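In what follows, a single structure is set out as C-alpha cells and then discussed.
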Amino acid sequence: MEDAEDELGISFEEDVVPWLGSEVSIGIPNLGKAAEGEDPVVVLAAVTRDRKASDAFVEKLRESLEDAGYDVDEKTYNGVTFYEQQVESEYETPTVFGHVGNVVVIATGVDAMEDVIDTQQGKSDSLAKNPKHTDLAKALPKNASMYMYFNIEDIAPAMEEAQPGVSEDQLEGYENVGVAVTVGKEGIQIDAAVP
C-alpha cells in the first residue's frame, strides 16, 4: 500500500480504513499457469461497511490514475459499472476497479472483473456452492484469521519445482487443499485439510 500512497496519493488510513469491512479476499484464478510463468491474474475483493466512503475511494483512485497520466475508461457489464486503467506498455498491468454489490473489487484485467460480476450474479459457480470447497471449509477451524484454498492440479508443477522429491504422481490422489491460519494469544496456529 506504500506504493499506492507514494504514486497515487492513496492513504490506507484515510481512504481505505473508513469503509473496510471484516472480509478481504485475494484470488489468483490462473494460479497453475502463473506457476508456469504466465502473468498472474489477481483479484482483490473487500467488503465495504460504508458505501459512501468506498465510493469516495473508488473515485479518488480513478482521479489519481488520471492525474498520473493514464486514461481511465468507464465500462458496464451486466448492469455493473467499473473502471479500467489503460496502459501503453505490455510490461504494465492495468488496474480494473469498482463495486460489485457491497464489495470493492480491484483486478488486473477486465475478464477477471467480469468473472467476479458473473459469480456475484449467480451466472457462474462460486466457492460457496462448490462441495469440494465447502467440505474443506467444514474441516478447518471456524475462527481462523485467514483461509487459503488451492487446487492441487494447478499448483503441482510449482510444488515439484520448489520441493525436490515431490512428484505430480504423488499428488495425483489429492484434488484440493485448505489451509487456515489462526492468530491467538499463544501464537500462530496453522491447520490444513485435504478431502
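The values are calculated or read from the model by the stated rules, or taken from the named source; none is laboratory data. Computed from a predicted structure; not experimentally measured. Positions of Cβ are generated from backbone atoms using ideal geometry, with glycine treated the same way; all protein chains shown enter the neighbour counts. The area values use the complete protein model at the heavy-atom level, side chains included, leaving out ligands, DNA and RNA. Shrake-Rupley method; radii C 1.70, N 1.55, O 1.52, S 1.80 Å.
Numbers at a glance
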| quantity | calculated |
| --- | --- |
| Residue match in the stretch 90-101 (condition: open to solvent by 30 Å² or more (accessible area, probe 1.4 Å), part of a strand (DSSP E or B) and modelled with pLDDT of 95 or more) | no |
| Residue in the stretch 39-51 that is surrounded by fewer than 17 Cβ atoms within 10 Å (Cβ to Cβ) and farther than 21 Å from residue 81 by Cα present | yes |
| Candidate set from the stretch 169-195 (those that are open to solvent by less than 90 Å² (accessible area, probe 1.4 Å) and at pLDDT below 65); member that is farthest from the chain's Cα centre (by Cα) | 173 |
| Close pairs from the stretch 58-72: first basic (Lys, Arg), partner open to solvent by 60 Å² or more (accessible area, probe 1.4 Å), Cβ under 9 Å, at least 6 apart | 62/74 |
| Qualifying residues in the stretch 134-157 (those that are modelled with pLDDT of 80 or more and under 20 Å from residue 43 (Cα atoms)) - the one surrounded by the fewest Cβ atoms within 10 Å (Cβ to Cβ) | 145 |
| Residue match in the stretch 110-127 (condition: surrounded by fewer than 18 Cβ atoms within 10 Å (Cβ to Cβ) and closer than 28 Å to residue 9 by Cβ) | yes |
| Close pairs (7 angstrom Cβ cut-off, 6 or more residues apart or separate chains): under 20 Å from residue 59 (Cβ atoms) in the stretch 80-93, among the charged types (D, E, K, R) and assigned to a loop (DSSP other than H, G, I, E, B) anywhere | 86/71 |
| In the stretch 122-148, residue nearest to residue 180 (Cα to Cα) [restricted to those that are basic (Lys, Arg) and in a loop (DSSP other than H, G, I, E, B)] | 142 |
| Scope the stretch 25-38; condition open to solvent by 50 Å² or more (accessible area, probe 1.4 Å) and closer than 26 Å to residue 9 by Cα; matching residues | 25, 26 |
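A quick yes/no check of all residues on (1) more than 16 Å from the chain's Cα centre (by Cα); (2) assigned to a loop (DSSP other than H, G, I, E, B):
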{"position": "18", "(1), (2)": "yes, yes"}
{"position": "24", "(1), (2)": "no, no"}
{"position": "47", "(1), (2)": "no, no"}
{"position": "53", "(1), (2)": "yes, no"}
{"position": "56", "(1), (2)": "yes, no"}
{"position": "60", "(1), (2)": "yes, no"}
{"position": "63", "(1), (2)": "yes, no"}
{"position": "70", "(1), (2)": "yes, yes"}
